[in-house]
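Visitor: Below is the structure I would like to discuss, written out as structure tokens.
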Amino acid sequence: MWDFPLFPSQASTNAAKLDALMLFELGVVVFFTLLILVLVLGFAVRFRRGNPVDRSHPPTHSQAMEVVWIAVPMALSLLMYGWSTRLFFDMYAAPADAAQVDVVGKQWMWYLQHPQGRSETNELHVPLGRPVKLNMTSQDVIHSFFIPAFRIKQDVLPGRYTSLWFEPTKAGVFDLFCAEYCGTNHSIMIGKVHVMEPADYEAWLSEKGVGPSQAEEGERLFVQHHCAGCHRGSQTVHAPKLEGVYGKPVPIQDGENVRFVTADDRYIRDSILIPKGEVVAGYEPIMPSFKDQIGEADLLKIIAYIKSIANRETSQ
Ligand code: CUA
């Protein structure tokens, strides 16, 4: 049959809220467009040349009219501003209990990594009714992660982490797009989001056997790249221990001064790739850079490992 939906289905908690705002703004635009069009046409016809209408005493000003044309648009603009700002914050601040899925875009595919260990390309499996936060970066150029049914879209940038979150409200399969022209095969950088019942999702996670978790994979890489040699109990090389660091303020030597930065994903990634950029106070800038040696997906695993030891006591 005739299947040409103007709106994709509303499949996340924020979808209906965003559509309501969009329809309200569209309504305001349509109302004023029609109002002005009708007045322009009406006056043009009524005051056309040769039409015998009263043209004496044209009004020069009307205070009531001025008040109306200032107050009404101002009230409408402030309403739209307040409404959309509120919604923007709701749509970008993920709930604290959201499950994190890491996303790496690269020409021309999406790589998605679940914390439990399973990873996938161009497919994203998520549980119904639970908030999911996407932590995203790019291996090469700018991409854009877009799920129309969830009404979410966010640029995915090289050298930076951006995030999105959603809570699916409908089980089913939804489209996933790259919405930023990123080269020859941009158009095939698409995929499917599978929203599953929570029990099915749990089964899916362990379908291929229970492998190492993302953090365990990260620990393996941590040893493989010889990070552990210095950052874990070595007596010969003086390097900061990483237990309990994640999420805490870290003192950084900044010329003569010491400033504090939070040890978040961004800080850990930069410390691996640009180790001399932010050196922890009291340590020598001796760590080599791992730029071009560790890909974005592996960096995310190492970060997951460092996050997993956030509550562990420092060994020294
Ligand atoms: Cu990636 Cu377009």
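Visitor: Distance between Cα centroids, the stretch 199-214 to the stretch 1-75: provide it in whole Å.
Guide: Cα centroid to Cα centroid, the span is 54 Å.
Visitor: Take the solvent-accessible surface of the protein heavy atoms, probe 1.4 Å, and return the percent of it on the chain that carbon and sulfur atoms account for.
Guide: Working: 11520 of 18710 Å².
C and S atoms contribute 62 percent here.
Visitor: Could you order 19, 175 by accessible surface area, starting with the largest, using a probe radius of 1.4 Å?
Guide: 175, 19
Visitor: Report, as a whole number in µm² per second, the diffusion coefficient that Stokes-Einstein gives for the stretch 214-308 at 37 °C and 0.692 mPa s using the Kirkwood radius over alpha carbon pairs.
Guide: Estimated diffusion coefficient is 242 µm²/s.
Visitor: For the pairs 241/291; 192/307; 153/307; 192/301; 133/153; 241/307, note any where the Cα-Cα span goes beyond 18 Å.
Guide: From the list (241/291; 192/307; 153/307; 192/301; 133/153; 241/307), the Cα-Cα distance tops 18 Å for 241/291; 192/307; 153/307; 192/301.
Visitor: Once the Cα atoms of helix 15-46 and of the chain are each reduced to a long axis, what angle between those two axes, in degrees from 0 to 90 to the nearest 10, is obtained?
Guide: Compared with the principal axis, the helix lies near 30 degrees.
Visitor: Hey, what's the stretch 214-308 come to in accessible area per residue, 1.4 Å probe, Å²?
Guide: 53 Å²
Visitor: Quick check: with the 1.4 Å probe, what order do 132, 45, 141 take by accessible area, largest first?
Guide: Order by accessible area, largest first: 45, 141, 132.
Visitor: Grab the alpha carbons of the chain, take their convex hull, and tell me the volume per residue in Å³.
Guide: Normalising the Cα hull of the chain by residue number yields 241 Å³.
Visitor: Then there is this: From the helices alone, meaning DSSP H stretches of at least four residues, give me the mean residue ellipticity at 222 nm for the chain, per-run term -39500 (n - 2.57), in deg cm²/dmol to the nearest 500.
Guide: Only helices count here, giving -11500 deg cm²/dmol.
Visitor: With every protein chain kept in the model, how would you rank 140, 292 by accessible area, 1.4 Å probe, largest at the top?
Guide: Correct descending sequence by accessible area is 292, 140.
Visitor: Working from Cα positions, state the angle (0 to 90°, nearest 10) between the long axis of helix 214-224 and the longest principal axis of the chain.
Guide: 50 degrees
Visitor: Packing-wise, with mean Cβ within 10 Å as the measure, how do 200-208, 147-155 rank, highest first?
Guide: My ranking of the peptides, most packed first, is 147-155, 200-208.
Visitor: Would you mind calculating the relative contact order of the chain from Cα pairs under 8 angstrom and at least 6 residues apart, reporting the percent as a whole number?
Guide: On the way: 496 pairs, mean separation 48.9, N = 316.
For the chain, the relative contact order is 15 percent.
Visitor: For the chain, build the charge dipole from Cβ charges (+1 Lys, Arg; -1 Asp, Glu) around the Cα centre, then report which of 81, 196, 100 sits farthest towards its positive end.
Guide: With unit charges placed on the Cβ atoms, the residue in question is 81.
The values are calculated or read from the model by the stated rules, or taken from the named source; none is laboratory data. Because the structure is a prediction, the values reported are computed rather than measured. When we count neighbours, we look across all protein chains shown, and the Cβ atoms used for this are built from the backbone with ideal geometry, even at glycine. When the accessible area is computed, the model is the full protein with side chains, heavy atoms only, and any ligands, DNA or RNA have been set aside. Shrake-Rupley method; radii C 1.70, N 1.55, O 1.52, S 1.80 Å.
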